[in-house]
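Trainee: One structure, pasted below without further comment.
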Amino acid sequence: MLKYKTLFILLNLNLQLMAQQTYLALGDSYSIGEGLKIEKSWPFQLVKSLNSKGFNFDSPNIIAKTGWRTDELIQAIDEKLDDEKQFDLVSLLIGVNNQYQEKSLGQYKREFKELLETAILKSKHKKKGVFVVSIPDYGVTPFAKEKEKTNAIEDLKRYNKFAQKQCQKYGVAFYDITELSAELSQNDDMLIEDRLHPNAKQYGAWVDSFLGNVLEQMNNE
């Protein structure tokens, strides 16, 4: 009897390991990889890296669109997601368009908090299955220099500081890629043709910078 019970436990464990895992990426142009095939976006690159480490993630469910602000992402989540559906992993990267469109910091604060709470609710593992990526520094790009938006980083520092504090408050992982993006985005070899958005190589560098942390999150769930 004990032998059969042990076999059942092992079979159940194997089924759990083989079960597909799900990932929800919430954001804007950075999460869909503007100007690239979707497979080159950083959420897809993250899934590829996780699966190479023994996980079994399905293609990410990305709710994002170029130009979206926090309020537009909230509306899209309400329209596109089943209230009961949850995911093994949830990420959030949003806010650059609030800053670019000169919306108030107060609006961002209110709506980011709502989005962070939504991300936690959508996670099967609550806060342990969620991470936030900082807003990259687009102020160093050739596009920003042409549009005289080189002071964007001062605004974005305030946005990212608030997001990081909220993550600390809720116990959610916060991965800061802002300095990395500033370093890489000065080089046209790391941007697509619009000279603003990252290319696949830069997104790969983002993923490399926080992959170890995500792996630790997944292993501790």
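The values are calculated or read from the model by the stated rules, or taken from the named source; none is laboratory data. Fair warning: this is a prediction, and the values are worked out from it, not measured in the lab. Cβ: placed from backbone, ideal geometry, glycine included. Neighbour counts: every protein chain shown. Surface areas here come from the heavy atoms of the whole protein model, side chains and all, with no ligands, DNA or RNA. Shrake-Rupley method; radii C 1.70, N 1.55, O 1.52, S 1.80 Å.
Trainee: Just to confirm the filter: which GluC sites (Glu not before Pro) across the stretch 60-151 are DSSP coil and have at most 16 other Cβ within 10 angstrom of their Cβ?
Mentor: Details: sites: GLU72, GLU79, GLU84, GLU102, GLU111, GLU114, GLU117, GLU146, GLU148; in loops: GLU84, GLU102, GLU148.
Those that pass, being in a loop and sparsely packed, are GLU84, GLU102, GLU148.
Trainee: Using only Cα atoms, tell me the angle between helix 105-122 and the longest principal axis of the chain; keep it within 0 to 90° and round to the nearest 10.
Mentor: Between the helix axis and the principal axis of the chain, the angle is about 10 degrees.
Trainee: Write down the Kirkwood hydrodynamic radius of the stretch 19-76, to one decimal in angstroms, obtained as one divided by the mean of 1/r over all alpha carbon pairs.
Mentor: Here the Kirkwood hydrodynamic radius works out to 11.9 Å.
Trainee: Give me the net charge for the shell around SER123: Cβ to Cβ below 10 angstrom, other residues only, Lys and Arg +1, Asp and Glu -1. Could the numbers behind the result be given before it?
Mentor: Numbers: positive: LYS122, LYS124, LYS126, LYS127, LYS128; negative: ASP88, GLU221.
Combined, the nearby Lys, Arg, Asp and Glu give +3.
Trainee: Give the carbon-plus-sulfur fraction of the accessible surface of the stretch 91-221 in %, rounded to a whole number; probe 1.4 Å, heavy atoms of protein chains only. Let's see the in-between values first.
Mentor: Working: 2790 of 6280 Å².
Carbon plus sulfur share of accessible area: 44 percent.
Trainee: While we're on this one: Taking H placed 1.01 Å from N in the peptide plane, check which residues at least 5 places from SER123 or on another chain put their amide H under 5 Å from its amide H.
Mentor: PHE87
Trainee: Do any trypsin sites (Lys or Arg not before Pro) in the stretch 118-221 lie in a loop, going by DSSP, with at most 16 other beta-carbon atoms within 10 Å of their beta carbon, and if so which?
Mentor: LYS124, LYS147, ARG195
Trainee: Per residue and in cubic angstrom, what volume does the convex hull of the Cα atoms of the stretch 172-221 have?
Mentor: On the way: hull volume 3.8 nm³, N = 50.
It is 76 Å³ per residue.
Trainee: For the Cα atoms of the chain, what angle does the longest principal axis make with the long axis of helix 2-18, in degrees from 0 to 90, nearest 10?
Mentor: Between the helix axis and the principal axis of the chain, the angle is about 20 degrees.
Trainee: For the chain, take the convex hull of the Cα atoms, compute a quarter of its surface area, and give me that in nm², please. The partial results should precede the final answer.
Mentor: Values: hull surface 51.7 nm².
Over all viewing directions, the chain projects a mean Cα-hull area of 12.9 nm².
Trainee: If you take every residue apart from MET190 with its C-beta less than 12 Å away from the C-beta of MET190, what net charge results, scoring Lys and Arg +1 and Asp and Glu -1? It would help to have the intermediate numbers written out before the result.
Mentor: Details: positive: ARG195, LYS201; negative: GLU183, ASP188, ASP189.
Summing Lys/Arg as +1 and Asp/Glu as -1 gives -1.
Trainee: Please list the radius of gyration and Dmax for the stretch 125-221, considering alpha-carbon atoms only, with Å as the unit.
Mentor: Rg then Dmax for the stretch 125-221, in Å: 14.8, 46.
Trainee: With only alpha-carbon atoms counted, please give the Rg and Dmax of the stretch 48-121, in Å.
Mentor: Values for the stretch 48-121 (Cα only, Rg and Dmax): 14.2, 43 Å.
Trainee: Calculate the dipole size of the chain relative to its Cα centre from +1 charges on Lys and Arg beta carbons and -1 charges on Asp and Glu beta carbons; express the result in debye to the nearest 20.
Mentor: Values: 29 positive and 31 negative charges, 175 e Å.
Around 840 debye, computed over the chain.
Trainee: Which ³J(HN,Hα) values in Hz, rounded to whole numbers, follow from the phi angles of the stretch 166-171 under the Karplus curve 6.51 cos²θ - 1.76 cosθ + 1.60, where θ = phi - 60° and Gly and Pro get x?
Mentor: Result, rounded to whole Hz: 5, 4, 4, 4, 8, x.
Trainee: OK, next. Would you kindly work out the equivalent ellipsoid of the stretch 73-155 from its C-alpha gyration tensor and give its semi-axes, the square roots of five times the eigenvalues, largest first in whole Å?
Mentor: Values: eigenvalues 171, 36, 24 Å².
Semi-axis lengths for the stretch 73-155 are 29, 13, 11 Å.
Trainee: Which value, in Å², gives the accessible area per residue of the chain when a 1.4 Å probe is used on the protein heavy atoms?
Mentor: Details: 11680 Å² over 221 residues.
Spelled out: the 1.4 Å probe surface of the chain, per residue, equals 53 Å².
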